[in-house]
Amino acid sequence: MTWLNSSLFLTSLLLYCSAAIYDRVDQLRNATTKFDFVIIGGGTAGSVLANRLTESASVSVLVLEAGGSNIGAIPTQIPFFCTLSHPQYDWNYTTTPQEGLSGREIPYTRGFILGGSSSVNGMFYTRGSADDYDRLANVTGDSGWSWENVQIYFRRNEKWTPPADHHNTTGQYDPSIHSLNGINSVSLAGFPQSINKNIIRTAIELGGIFQYNLDMNSGKPLGLGWLQTTIDGGNRSSAATSYLGPEFTRRPNLHVLINTRVTRILQDRSSPGDRLPRLNVVEFAQNSDGPRYQVTASREVLLSAGAIGTPQILLNSGIGNSSYLSSLGISPIVNLPSVGQNFTDHPRLVNNWPVSGNRTFDDIYRDSNLSTFLQNVWSQNGKGPLVDTFVSHLLFARLNASTLGQFGEDPAAGVRSAHYELGFSNGDISVAPTGHFIGITTRVVSPLSRGTVLLKSTNPFAAPLISPNLLSNEFDLLAMREALKTSVKFLAAPVWKEYVLGNPDTVFLQPEMIAAKLGLKGPQDEQLDAYIRNNTGTSAHAVGTAAMTGQNSSFGVVNSDFKVKGVEGLRVVDASIFPFIPSAHTQAPVYVIAERAADMIKSFWRD
Ligand SMILES: Cc1cc2nc3c(=O)[nH]c(=O)nc-3n(C[C@H](O)[C@H](O)[C@H](O)COP(=O)(O)OP(=O)(O)OC[C@H]3O[C@@H](n4cnc5c(N)ncnc54)[C@H](O)[C@@H]3O)c2cc1C
């Protein structure tokens, strides 16, 4: 490690410290040694890299994380509370006004904590379709990205774990495609929901696109099946609890500095012989007015700040569209116009229908005594409804050929890939003050809308301009409309007759939907569209802002080995690199790309 401008650090150094996680610069020991790798962001991908690279005792790694420790962050550990907001663990971003969302600005959650977004996410574990990975292989010209070739990385990541209630899971998943030997726990729900039987019954009654799929993580996700989640015996299994668990952070070659914001990556001018600029010096600070420190990675800097943080850091470092950077007063180092472009996300809409009876989870949100009681059950016995996330089953579906035919292109990666998803909940996660509900969250998983992450200010402590541009493309609106119609068809199955109050297509709570009650064609589609635009939000599945493409592509930020085009010493490894969004919740794909990145980096340096 080379510390520049760090006399404050050197004078206040504590040489002996019991843990490898530090929250102040002056606690970081071994100040005189070099770090081989500096990882920016101890989130989902960054934690994988930190773990895998320090498997070799001779390799030293420093992780710089803006947020705090996950240890003791109880609200993040209780799976059911993932739907509640936790501002202290969130970057608390807001988007720019979104034209496709009736001009609304919407909250945009990102994990501000060790483990990153895996510490605050909904824990859905969905790998995506085989086509998603085969498309990545095609776009990058690297067959290592094919579905077949990434199986090894799914296996390294996944540790299949019994559910909290240890129920018999036969027929709820396919054990042959899961791994018992990975690091991050994946499980099935550990508390039976009263609607489970009806959901499975619907698959039988309706068939077709509702057909039961034994395991949606086989590469063929279409159909209806049980949700798998990153939960370990009723506790969230995040990148921090797994890849940065105590047995790993005890390694003497792994150092994690939390509460530390990386401000820029700088050029190392000590190697003038380099053909390309070498960007392996990291500048950071612990608060906006505090001193700036610098640390040099003797091998590489690995940028894993996520799809918002990564383009912000690249742009502030002079890597981006040169004329845009110059207009902001930033000296360009390399002209990469794709930085911050191609921002892609899955639009998400929470829909609820009132039901008879009260065997839903709605009261947990409303009744503080019940909530406290269940927290005690969770903490003392590891049981009860809080051991699970809010969805029990998913449906992945495609538009039919005639609907799809209205568009010139099929945005899905292939015919095994969904256009939209339905997630079934035994209650309303938007917390209605009264009543009991069945919730169906609809998402477009192969969207065509693209947005941007740009700079509002060159102050690295200022939030960037975040525009996912949700529903800006007509295809996404149409797919969301179809997802809603499919929800109505689902609830019109005979098995729901006594349970769902009223006809499913006439009981939407929102006024626009009531206006659509006479049918879902012609003018009613306009009502439906208004409902969609007024209520859709984000899935927080941000990807694409530092896209991976082939070496000679005119678009893109990194090559298939994660190296930033046109510079030395710097790779980007996080959700930013997906040139197309996988048709899945994005954490499993991020784990997989990070596992492969670690493998590539190790073999490059022959560790
Ligand atoms: C609320 C929410 C719900 C979600 N639900 C699901 C789900 O159920 N299933 C699923 O599969 N996916 C889900 N996702 C998406 C998934 O969690 C992300 O795609 C994935 O975790 C992203 O990993 P990453 O490594 O790219 O970024 P992150 O995990 O976000 O890591 C980035 C890290 O970098 C740090 N950082 C950023 N800037 C700086 C800086 N300047 N200096 C230092 N550190 C910095 C951040 O604090 C963070 O720790 C959800 C995401 C959110 C936010």
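The values are calculated or read from the model by the stated rules, or taken from the named source; none is laboratory data. It should be emphasised that the depicted structure is a prediction, and the values quoted were computed from it without experimental measurement. A quick note on method: Cβ atoms are made from the backbone with ideal geometry, for glycine too, and the neighbour counts reach across all protein chains shown. Just the protein is used for accessible areas: all its heavy atoms, side chains included, with ligands, DNA and RNA removed. Shrake-Rupley method; radii C 1.70, N 1.55, O 1.52, S 1.80 Å.
A compact table of results
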read-out: Using distinct alpha-carbon pairs, which all enter the 1/r mean, Kirkwood radius of the range 349-400 in Å; value: 13.5
read-out: Average Cα contact separation per residue, the range 230-384, under 8 Å, 6 or more apart, as relative contact order %; value: 14
read-out: Cα gyration tensor of the range 550-606 - equivalent ellipsoid semi-axes, whole Å, descending; value: 19, 16, 8
read-out: Set LYS456/LYS563; LYS159/LYS497; LYS159/LYS456; LYS34/LYS565 screened for pairs whose C-alpha atoms are more than 31 Å apart; value: LYS159/LYS497; LYS159/LYS456
read-out: Per residue convex hull volume, Cα atoms of the range 197-246, in Å³; value: 93
read-out: Helical contribution to [θ] at 222 nm, DSSP H n ≥ 4, -39,500 (n - 2.57), averaged over the chain, rounded to 500; value: -7000 deg cm²/dmol
read-out: Rg to Rh quotient for the range 319-391, alpha carbon positions, Kirkwood Rh; value: 1.40
read-out: GLN211-ASN149 FRET efficiency (beta carbon distance; Förster radius 30 Å; 0.05 resolution); value: 0.55
read-out: Sequence ranges 463-473, 150-160, ranked by mean other-Cβ count within 10 angstrom, highest first; value: 463-473, 150-160
read-out: LYS489 accessible area, assembled protein chains, probe 1.4 Å, Å²; value: 120
read-out: Rg followed by Dmax, in Å, when the range 374-417 is reduced to its Cα trace; value: 20.2, 56
read-out: Enclosed volume per residue, in Å³, of the convex hull spanned by Cα atoms of the range 297-341; value: 77
read-out: Furthest towards positive pole of dipole, PRO589, GLY569, ASN534, structure part the range 527-607, Cβ charges; value: GLY569
read-out: Binned Cα-Cα distance frequencies in the range 57-116 - 5 Å width, integer %; value: 4, 15, 19, 17, 14, 12, 10, 5, 2, 1, 1
read-out: Å² of accessible area per residue within the range 144-218, as computed with a 1.4 Å probe and no ligands counted; value: 46
read-out: Cα radius of gyration and Dmax for the range 437-479 (Å); value: 15.1, 46
read-out: Solvent-accessible surface (1.4 angstrom probe) belonging to ASP215, in square angstrom, nearest 10; value: 10
read-out: Proximal charge balance of HIS393 [Cβ under 15 Å; K/R count +1, D/E count -1]; value: -1
read-out: Viscosity 0.890 mPa s, temperature 25 °C, Stokes-Einstein D of the range 254-373 from Kirkwood C-alpha radius, µm²/s; value: 133
read-out: Cα centre as origin, Lys/Arg/Asp/Glu Cβ charges: the range 297-407 dipole, Debye; value: 160
read-out: Value of Rg to Rh for the range 25-134 (Rh from inverse mean 1/r over Cα pairs, i.e. Kirkwood); value: 1.06
read-out: Accessible-area composition of the range 304-459, carbon plus sulfur, in percent [1.4 Å probe]; value: 49
read-out: Normalised alpha carbon radius of gyration of the range 359-497 [divisor 2.2 N^0.38 Å]; value: 1.38
read-out: Cut-off 15 Å between beta-carbons: net charge of the residues surrounding ALA66, Lys and Arg +1, Asp and Glu -1; value: 0
read-out: For the chain, convex hull of alpha carbons as volume per residue, Å³; value: 149
read-out: Surrounding net charge for PRO97, when Lys and Arg each add one and Asp and Glu each subtract one, Cβ distance under 9 Å; value: -1
read-out: Value of relative contact order over the chain, rounded to a whole percent, pairs C-alpha under 8 Å and six or more apart; value: 21
read-out: 21 Å tail of the calculated P(r), the range 305-426, as % of Cα pairs; value: 67
read-out: Förster radius 45 Å - calculated FRET efficiency between LYS602 and SER326, Cβ distance, rounded to 0.05; value: 0.75
read-out: 20 Å reach of a label modelled at SER288, 7 Å along Cα-to-Cβ, counting backbone N of the range 221-263; value: 259-263
read-out: Kirkwood Rh and Cα Rg combined as Rg over Rh, evaluated for the range 79-197; value: 1.04
